[in-house]
1. I need a count of the residues in the stretch 79-124 that are within 19 Å of residue 53 (Cα to Cα) and among the hydroxyl-bearing types (Ser, Thr, Tyr).
2. Output the residues belonging to the stretch 131-164 that are hydroxyl-bearing (Ser, Thr, Tyr), out of contact with any Asp or Glu (no Cβ under 7 Å at 6 or more places or on another chain) and under 16 Å from residue 201 (Cα atoms).
3. Restricting attention to the stretch 87-110, report how many residues are touching a Pro at 6+ places or on another chain (Cβ under 7 Å) and buried (at least 16 other Cβ atoms within 10 Å of the Cβ).
4. Restricting to the stretch 182-206, name every residue that is touching a helix residue (DSSP H, G or I) at 6+ places or on another chain (Cβ under 7 Å) and over 15 Å from residue 102 (Cβ atoms).
5. Looking at (1) among the small types (Gly, Ala, Ser); (2) under 20 Å from residue 166 (Cβ atoms); (3) crowded, with 21+ Cβ neighbours inside 10 Å, which one does residue 113 not meet, given that it meets all the others?
6. When both residues are 6+ apart or on different chains and their Cβ atoms are under 6 Å apart, which pairs have a first residue that lies in the stretch 86-107 and is farther than 18 Å from residue 195 by Cβ and in contact (Cβ under 8 Å) with a residue 40 or more places away in the chain, and a second that is basic (Lys, Arg) and crowded, with 24+ Cβ neighbours inside 10 Å?
7. Right, residue 161: surrounded by fewer than 18 Cβ atoms within 10 Å (Cβ to Cβ), of a type in the set (Asp, Glu) and within 20 Å of the chain's Cα centre (by Cα) or not?
8. With respect to residue 22, is the statement that it is surrounded by 24 or more Cβ atoms within 10 Å (Cβ to Cβ), at negative phi and over 13 Å from the mean Cα position of the chain (by Cα) true?
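Read-outs: derived from the displayed coordinates by stated rules, not from any lab. Please read these numbers as outputs of a predicted model, since none were measured by experiment. Virtual Cβ from ideal backbone geometry, glycine too; neighbours counted across all protein chains shown.
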Amino acid sequence: MHAVILSAGRGSRLLPLTEDLPKCLLPIGLTTVLGMQLDTLFQAGIQKVTVVTGFNAQMVDAEVNSRPSGPKVKTLFNPFYQVADNLASCWMARKAMKPDFLLINGDTLFEPALLEKVLSAPASPIAVTIDKKDHYDGDDMKVTLDGSRLQAIGKTLTPTETNGESIGMLRFMGDGPQIFKNEIKALMRNNKGTKSWFLSAIHGLAQNGIPIETINIQGSVWSELDTPEDYEICRSLFGNSEAARTRFSVLS
């Protein structure tokens with residue numbers, strides 16, 4: 001098992017925190033968002049990671065090269081990061097999508113126990129990690145389920161259609177990587193491909209009857225990082241530090 005992390009974005013909703021730093025390099029505890037992801041993956045036995053970069057890619061390269069230990073990391077630059085959504089990042093990383101692998105959003109932080117749940121879940125070609133809560137807002141990547149089988153995924157699902165939310169971590173095994181890559185290729189030939197999320201591919205597969213399983217990690221600790229409010233939550237959940245406090249103080 002290896003991992004692909006999508007970290008091309010700047011994180012414009014986090015400005016001015018991301019004036020110079022890519023979102024994945026914001027300090028969390030004594031490391032960074034990316035550093036914490038890599039450490040957690042390595043702790044779980046993930047030896048190889050591909051990181052798709054974009055905004056100030058040279059800073060991410062420097063972060064990776066400075067790490068004294070952890071998984072072997074290869075970076076791939078997505079030159080379209082300013083004009084395309086993360087489906088294009090998946091397109092750039094398609095050659096790294098070999099059986100078996102995890103696909104992780106660069107702004108998803110997670111505890112080791114959550115990752116262990118995902119890795120130990122029953123085998124399936126494609127599995128979307130989900131959480132469940134009492135209320136979902138317009139920014140949540142919501143899912144419709146039939147039992148544990150995913151039927152639809154998207155931000156515009158209605159409350160009656162919503163049974164959970166994707167946390168931004170998917171697992172591909174066996175035929176799953178090739179099925180996913182084929183769908184990416186089809187979408188990228190569409191004139192809307194560069195403006196699509198990679199989860200559009202998962203939605204399309206589910207709508208066409210391809211079995212997509214889900215892994216429910218309800219009760220585990222995780223957080224996404226899209227806004228300054230999210231950053232405050234991430235700091236409280238995963239570790240504060242002088243570097244993080246200094247970065248956050250620009251909002252004061």
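1. Residues meeting the conditions: 3.
2. The initial filter retains those residues of the stretch 131-164 that are hydroxyl-bearing (Ser, Thr, Tyr), namely 136, 144, 148, 156, 158, 160, 162.
Of the ones still in play, those that are also out of contact with any Asp or Glu (no Cβ under 7 Å at 6 or more places or on another chain) are 156, 158, 160, 162.
156, the sole residue that qualifies.
3. Going residue by residue through the stretch 87-110, those that are touching a Pro at 6+ places or on another chain (Cβ under 7 Å) are 97-99, 101.
From what is left, the residues that are buried (at least 16 other Cβ atoms within 10 Å of the Cβ) are 97, 101.
Here the count works out to 2.
4. Listed by number, the residues that qualify are 183, 184, 187, 188, 193, 194, 196, 197, 200, 201, 204, 205.
5. (3)
6. 102/171; 107/23
7. Numbers: surrounded by fewer than 18 Cβ atoms within 10 Å (Cβ to Cβ): yes; of a type in the set (Asp, Glu): yes; within 20 Å of the chain's Cα centre (by Cα): no.
Against the criterion (surrounded by fewer than 18 Cβ atoms within 10 Å (Cβ to Cβ), of a type in the set (Asp, Glu) and within 20 Å of the chain's Cα centre (by Cα)), residue 161 does not qualify.
8. Yes: the conditions hold for residue 22.
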